[in-house]
Amino acid sequence: MVTHKYKRKVGTGKDRTGFCWRAMLPAYAGAYYLPAPSAPLEFALALRGSKVNHHVNPNPNRLPRVVASSYLNTAPLIWSFVHGSKANAVELSVDKAPARCAEMLAADEVDAALVPVIEYQRIPEIAVVPDVCVGSRNAVRSVVIASKQNELMNVRRVALDDSSRTSVALVKIIFREFLGFEPEWQSCPPDLKTMLENNDAALIIGDPAIMIPREELRVFDVVKLWREHTGCGFVFAMWMARANNAGRISTIDFAAARDEALAHLDEIVSDYQTRIALSGDEIKRYLTDNIAFRLEEDMRKGLELYFDLARKHELIDHAKPLDFLT
């Protein structure tokens with residue numbers, strides 16, 4: 001049921017490179033690594049997780065450096081930069097964790113990144129690429145709460161996937177705002193068996209979430225829960241850039257890159273079939289039915305409501321309006 005107060009709320013919406021540690025990334029990451037012949041080693045170290053703060057090279061003639069996570073749901077946003085017409089437009093690297101992408105953008109290690117949307121409110125002087133996102137209208141499948149309990153109301157301890165940021169905040173909103181209580185939280189690496197040893201439920205994101213055995217656990221789709229309570233779709237990630245890099249990034253047509261990839265969806269499906277235990281039909285359905293790559297009005301309203309609720313529950317300090325790159 002869509003609660004009346006959220007109907008009313010959403011009705012007024014406002015608006016890493018020539019070296020790669022392949023062993024550190026999923027197999028698919030290798031397919032989406034675009035080497036840069038003249039790129040410095042420091043940039044690769046940033047991907048590896050070096051604690052040294054390496055800022056973006058100010059050389060105006062170099063290609064823009066872009067980073068994204070390597071989950072299946074990001075493939076249509078990065079395919080064109082590797083296999084399509086924009087293969088020479090950027091230096092593209094992938095990092096397994098969305099949270100790491102946000103860290104690299106915040107540290108000025110890249111020019112743009114596919115970032116968990118909650119980080120828009122945490123990283124200063126940042127703007128988003130319009131009309132391109134990773135979101136879901138009704139059921140996402142790849143962001144779930146796996147529980148040993150049949151009902152979320154019986155959950156008392158929740159393990160949170162530490163590779164996530166937007167989804168962690170969303171789960172806290174679901175419990176606090178919609179279910180009316182607060183369980184104990186534990187931040188954990190994304191290993192479901194370990195997460196459930198001392199917890200009633202676990203938040204898992206990305207490809208591992210799709211593979212959770214539904215016959216052994218009760219699995220709650222977080223976008224289904226969000227939709228039930230708000231009537232809106234949900235946005236998980238968007239391309240973002242720091243204001244000082246806006247000019248360089250504005251020359252990249254991320255929307256056209258998405259559209260080109262979606263026109264070659266069968267190629268993406270064929271490649272990914274060797275990397276994940278899903279049939280080609282399942283992969284295609286996931287990318288077409290469960291994931292949305294355009295920021296439609298319903299999802300934009302959901303994003304603004306998400307920011308408002310995150311502020312209400314002190315998950316962010318403020319909720320600034322969306323600032324789009326032009």
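The values are calculated or read from the model by the stated rules, or taken from the named source; none is laboratory data. Everything quoted here is computed from the prediction, not taken from an experiment. Virtual Cβ from ideal backbone geometry, glycine too; neighbours counted across all protein chains shown.
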Filter segment 122-164 down to the residues that are modelled with pLDDT of 95 or more and hydroxyl-bearing (Ser, Thr, Tyr), then identify the one that is surrounded by the fewest Cβ atoms within 10 Å (Cβ to Cβ). SER147
If we keep just the residues of segment 60-95 that are hydrophobic (A, V, I, L, M, F, W, C) and assigned to a loop (DSSP other than H, G, I, E, B), which is surrounded by the most Cβ atoms within 10 Å (Cβ to Cβ)? VAL90
Can you say whether VAL171 is of a type in the set (A, V, I, L, M, F, W, C) and in contact with a Pro (Cβ under 6 Å, 6 or more places away or on another chain), as far as the supplied structure shows? no
Those residues that are in contact with a helix residue (DSSP H, G or I) (Cβ under 6 Å, 6 or more places away or on another chain) and on the phi > 0 side of the Ramachandran plot, I need them from segment 90-139; list them, please. GLU125, ASP131
Give just the number: which of (1) assigned to a helix (DSSP H, G or I); (2) within 21 Å of the chain's Cα centre (by Cα); (3) more than 20 Å from ARG214 (Cα to Cα) does VAL171 not satisfy? (3)
Based on what the data block shows, is ARG122 of a type outside the set (A, V, I, L, M) and under 29 Å from GLU297 (Cβ atoms)? yes
Is it the case that GLU119 is modelled with pLDDT of 95 or more and either under 14 Å from the mean Cα position of the chain (by Cα) or buried (at least 20 other Cβ atoms within 10 Å of the Cβ) (or both)? yes
What are the pairs with Cβ atoms under 7 angstrom where one residue, in segment 168-189, is crowded, with 16+ Cβ neighbours inside 10 Å and the other, located anywhere, is among the polar types (S, T, N, Q) and in a helix (DSSP H, G or I)? Sequence gap at least six, or different chains. CYS188/THR194
Scan segment 229-241 and give yes if some residue there is within 15 Å of TRP79 (Cβ to Cβ) and of a type outside the set (S, T, N, Q), otherwise no. yes
Selected residue [over 19 Å from PRO130 (Cβ atoms), among the basic types (Lys, Arg) and in contact with a Pro (Cβ under 8 Å, 6 or more places away or on another chain)] from ARG275, ARG311: ARG275
Within segment 285-303, take every residue that is in contact with a helix residue (DSSP H, G or I) (Cβ under 9 Å, 6 or more places away or on another chain) and over 13 Å from ARG141 (Cα atoms) and give me the one that is surrounded by the fewest Cβ atoms within 10 Å (Cβ to Cβ). ARG294
Top-ranked residue in segment 215-242 [being part of a loop (DSSP other than H, G, I, E, B) and modelled with pLDDT of 95 or more; ranked as farthest from THR326 (Cα to Cα)]: LEU217
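Every residue, every condition in (1) in contact with a strand residue (DSSP E or B) (Cβ under 9 Å, 6 or more places away or on another chain); (2) crowded, with 20+ Cβ neighbours inside 10 Å; (3) among the acidic types (Asp, Glu), yes or no:
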| position | (1), (2), (3) |
| --- | --- |
| MET240 | yes, yes, no |
| ALA246 | yes, no, no |
| THR251 | no, no, no |
| ALA256 | no, no, no |
| LEU262 | no, no, no |
| LEU265 | no, no, no |
| THR274 | no, no, no |
